[in-house]
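The structure under discussion appears below in the form of structure tokens.
The values are calculated or read from the model by the stated rules, or taken from the named source; none is laboratory data. Since the structure is predicted, the reported quantities are computational estimates derived from the model, not experimental observations. A quick note on method: Cβ atoms are made from the backbone with ideal geometry, for glycine too, and the neighbour counts reach across all protein chains shown.
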């Protein structure tokens, strides 16, 4: 059925983004909010708002019962989970369906299957998609894990089977480290995700982090090319680009075809992202995981394809077939996104919530600002530190870099520390200008440069 009223079960910039996409389609919106977010921009621009609990996320944005009850009371036809919080929670997706509403995303079964990294690896192998050498499934004991590590060779990475965001992950360079870190990773995974299961993979180094954006309707899928997300700190992305500067046309074709094949094999519906490691020296790529939701970095794909991904999600969830054929999707130009966080990059990225005393955002052709900020807004200390995303587009990568520099020079977020100085400095780094950074490059660069930011 077509969606008449959409309940937005998230906050911050992604909630604002979803509301705007829904409005463009004539869909009424109801914004969920905690007590801390009662005056947020998303609440202000939605047609209606619903209080779902106190500031703590566990009692509001992660409270399935409260969200379902509020959505039903508001007469919602559908719930959009955004990213983070409950976006990849199979139980939540199932509860939404049981309550007679549409979950804007894949089915609970697909979320469950692809959210478990071991099951996702097995699905990838079944679809003929290359995976990183490692354990065939979960590693039940330290002894079995050590035997696998010995067989594939060190260094290896120990990963949580459930969850993501860099938690439950350790790199072991030898057997002694493996023994010490295995228990650490399991304990962290159990605390973060309620599941201490682990698997083991060979470390691919140096590697690029490249991901493929897909859209599916449960039967057919298309790709919207790739993004590169190699500039990371503690396995958290800070800068994303589309397309990747590292891929040849042949590699791009093989990579994107593999993503479509896997998405179709699992019956994927909605927007999703398949993440890969790319070995630039060999030209090989390896599937690592799938994110069964919209990504923070989706705007760069929208810039280079001209497709509204959130709008497409809503259309598909409302029962429309996939609105694009693969030959209708073209790649044009180059886009870059940087994440502006309320953190002090010169002080080990310490969180820095506070009041926005002055906000001036850049504009002009090829410049986009996705945010929930406004002058006078008090950034609450309870949630992720993301304030907004600055996205630029250029005819080529050099033009996009230059436009990013100009846009950063115009951006003012006064009243608190942000990561803006980091991006101004990165634009001057030769490796960044040449598009040569791999996934551990930023960590090394920060060791030498963070104090100067």
Residue that is part of a helix (DSSP H, G or I), surrounded by fewer than 21 Cβ atoms within 10 Å (Cβ to Cβ) and either at negative phi or not assigned by TED's automatic domain parsing to the domain that holds residue 400 (or both), where the choices are 257, 263: 257
Failed item, numbered, when residue 252 is tested on (1) surrounded by fewer than 22 Cβ atoms within 10 Å (Cβ to Cβ); (2) within 13 Å of the chain's Cα centre (by Cα); (3) at pLDDT 95 or above: (2)
Residue in the range 443-453 that is at positive phi, crowded, with 17+ Cβ neighbours inside 10 Å and in a loop (DSSP other than H, G, I, E, B) present: no
Count - residues of the range 83-93 that are in a helix (DSSP H, G or I) and either without any contact (Cβ under 8 Å) to a residue 12 or more places away in the chain or in contact with a strand residue (DSSP E or B) (Cβ under 8 Å, 6 or more places away or on another chain) (or both): 2
Subset of the range 364-375 [touching a strand residue (DSSP E or B) at 6+ places or on another chain (Cβ under 7 Å) and either in the same structural domain as residue 20 (by TED's automatic domain parsing) or more than 15 Å from residue 37 (Cβ to Cβ) (or both)]: 366, 367, 368, 369, 370, 375
Search result, residues across the range 39-73 that are within 20 Å of residue 17 (Cβ to Cβ) and either part of a helix (DSSP H, G or I) or not assigned by TED's automatic domain parsing to the domain that holds residue 98 (or both): 41, 42, 43, 44, 45, 57, 67, 71
Condition broken by residue 76, with the remaining ones in (1) in contact with a helix residue (DSSP H, G or I) (Cβ under 8 Å, 6 or more places away or on another chain); (2) in the same structural domain as residue 19 (by TED's automatic domain parsing); (3) crowded, with 20+ Cβ neighbours inside 10 Å satisfied: (1)
Residue satisfying condition, being touching a helix residue (DSSP H, G or I) at 6+ places or on another chain (Cβ under 9 Å) and outside any strand (DSSP E or B), within set 216, 196: 196
Residue list for the range 101-115, filter: closer than 11 Å to residue 266 by Cα, under 17 Å from the mean Cα position of the chain (by Cα) and not in a helix (DSSP H, G or I): 106
Search result, residues across the range 35-51 that are over 25 Å from residue 311 (Cα atoms) and crowded, with 19+ Cβ neighbours inside 10 Å: 36
Selected residue (only one of 145, 187, 194, 168 is loosely packed, with under 15 Cβ neighbours inside 10 Å and either assigned by TED's automatic domain parsing to the domain that holds residue 443 or under 27 Å from residue 274 (Cβ atoms) (or both)): 194
